[in-house]
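The values are calculated or read from the model by the stated rules, or taken from the named source; none is laboratory data. Just so we're clear, the structure is a prediction, and the values are computed from it rather than from any experiment. With ideal geometry, Cβ positions are generated from the backbone for all residues, glycine too; neighbour counts draw on all protein chains shown. Areas reflect the complete protein model, heavy atoms only, side chains present, ligands, DNA and RNA absent. Shrake-Rupley method; radii C 1.70, N 1.55, O 1.52, S 1.80 Å.
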Amino acid sequence: MVKLVTLLAADGPRGAVLNLDEQVVFDLGELLHGTANASPVQVHDVVSRWDEAVVSLRRMQARPAKFDARSLLAPIPTPRRDVICVGRNYREHAAEFARSGFDASHGSADDNVPSHPVLFTKLPEAVIGPNATIESHASLTSSLDYEAELAVIVGKGGRGVSRADAAEHVWGYTIINDVTARDLQRDHKQWFLGKSLDTFCPMGPYAVTADEVDADDLRVRSWVNDELRQNASTRDLIFSVPELIETLSAGISLLPADIIATGTPAGVGIGFSPPRYLKPGDRVRVEVSGLGALENVVGPANAHAKWAAQERRDE
Ligand code: MG
């Protein structure tokens, strides 16, 4: 298993490889270019050239070095395309969502288990890293909610990928918190707006290669201020990762480093009666077994959170 991170250096974001002690052992620039002080290389570039990177990894000598945790960004801080998301992909969550009255995407509370995957996207600029602030957007929403999710990182792109071949196209995994403004999700009928506000896509802390990760049985959990809210296994997914890849790739070419968030288990804020929405100062922690912990605090806008959007505008 290889763990990749993105660190904010003086010259911008740089991808790096971590060891089990959470120390940087290789800079991705050095890994691909073979020289120290090479220009920065991003995680999405390495994902698409992974065979080459693995050869260098085996050949190079690790030099463990500590890093400042405050420099940790999302592993893919500015995805090249929207983050692809799956709605209502755990039975118990589908039921709590239907009961909540916030789901404008289907007719009645008794057809809450979808017959086909429910798909939507989040804007790349919504991505923030570990410890960055989730903006409360208090003037726009009064029903801010969290969603702990396993996210797939595509390696080899392709179209018409069968579920039997899907594993060959998975580079690895990360964690996503699919932050949602429930009132916008309901009022605008289509989910894009309520899911894509700035800072609504915390991601990380690592991108982890698929070997040694059994995506069919990972524990997905979330806490708000240390209170456990969500706790389920990816065994309970209605549509598995291979089924999702088959459906998506049937007519859309998947590209290297595409990200697919697989849906959230029961226990989100609207699942409670009365609902328990996020408020400024709340700390949300998401863990998926083997993938680390992603923690973010809700608050006003801050410079670090805005960084991803700024970098993209400058490209
Ligand atoms: Mg979701």
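Explain nothing, just the number: dipole magnitude of the stretch 3-67 about its Cα centre with +1 on each Lys and Arg Cβ and -1 on each Asp and Glu Cβ, in debye rounded to the nearest 20. The partial results should precede the final answer.
Values: 7 positive and 8 negative charges, 28 e Å.
The dipole of the stretch 3-67 has a size of about 140 debye.
For the stretch 3-67, compute the orientation-averaged projected area of the C-alpha convex hull (one quarter of its surface), in nm².
Details: hull surface 16.1 nm².
About 4.0 nm², averaged over all directions.
In what sequence, highest mean first, do 144-156, 84-96 appear when ranked by Cβ atoms within 10 angstrom? Can you show the working numbers first?
Numbers: 144-156: 24.9, 84-96: 21.9.
Packing order, densest peptide first, comes out as 144-156, 84-96.
Per residue, how much accessible surface does the chain expose to a 1.4 Å probe? Answer in Å², no decimals.
Numbers: 13300 Å² over 315 residues.
Here the residues of the chain average 42 Å² of exposed surface.
Can you give me the orientation-averaged projected area of the convex hull built on the Cα atoms of the stretch 1-128, in nm²?
Working: hull surface 42.8 nm².
For the stretch 1-128, averaging the hull's shadow over all directions gives 10.7 nm².
Using unit Cβ charges (K, R positive; D, E negative) and no other charged atoms, how large, in debye to the nearest 20, is the dipole of the chain about its Cα centre?
Details: 32 positive and 43 negative charges, 71 e Å.
That gives a dipole near 340 debye.
Going by alpha carbons, how many degrees (0 to 90, nearest 10) lie between the helix axis of 50-59 and the longest principal axis of the chain?
Value to nearest ten degrees: 50.
Considering the Cα positions of the stretch 83-299, please state its Rg to one decimal place and its Dmax as a whole number of Å.
Answer for the stretch 83-299, Rg first and Dmax second: 16.0, 47 Å.
Please give the helix 91-100 orientation as an angle from the longest Cα principal axis of the chain, in degrees from 0 to 90, rounded to the nearest 10.
50 degrees
Counting pairs of Cα atoms in the stretch 75-207, how many percent are more than 24 Å apart?
Values: 2945 of 8778 pairs.
Above the 24 Å cut-off, the stretch 75-207 has 34 percent of its Cα pairs.
Please get the size of the charge dipole for the stretch 125-241, origin at its Cα centre, with Cβ charges of +1 on Lys and Arg and -1 on Asp and Glu, quoted in debye to the nearest 20. Working shown, then result.
Numbers: 11 positive and 19 negative charges, 67 e Å.
Roughly 320 debye for the stretch 125-241.
Just to confirm the number: angle between the C-alpha axis of helix 303-314 and the first principal axis of the chain, 0 to 90 degrees, nearest 10?
70 degrees
Check which residues have an amide H placed less than 5 Å from Leu73's amide H, if you skip close sequence neighbours.
Under 5 Å from the amide H of Leu73: Thr6, Leu7, Leu8.
Go through the stretch 19-25 residue by residue and turn each phi into a ³J(HN,Hα) via Karplus (6.51, -1.76, 1.60, θ = phi - 60°); whole Hz please, and just put x for glycine and proline.
9, 5, 8, 6, 10, 6, 10
I'd like the carbon and sulfur percentage of the solvent accessible area for the chain, probe radius 1.4 Å, heavy atoms only, ligands and nucleic acids excluded.
On the way: 6620 of 13300 Å².
It is 50 percent, rounded to a whole number.
Calculate, axis by axis, the spread of Cα positions in the stretch 61-129 along the three principal axes, and write the results as whole Å, longest axis first.
Principal axes ranked by extent give 57, 24, 23 Å for the Cα atoms.
Once you have all Cα-Cα distances for the stretch 165-266, histogram them in 10 Å bins from zero and send the whole-percent values.
12, 39, 39, 9, 0
Pull up all non-local amide H partners of Asp282: gap of 5 or more, or a different chain, and H-to-H distance under 5 Å with H placed in the peptide plane.
Val298
Could you state the principal axis extents of the C-alpha atoms in the stretch 40-100, from the largest down, to the nearest angstrom?
Principal extents (largest minus smallest coordinate, Cα): 55, 29, 21 Å.
Within the stretch 3-67, what percent of beta bridges assigned by DSSP are antiparallel, to the nearest 5?
100 percent
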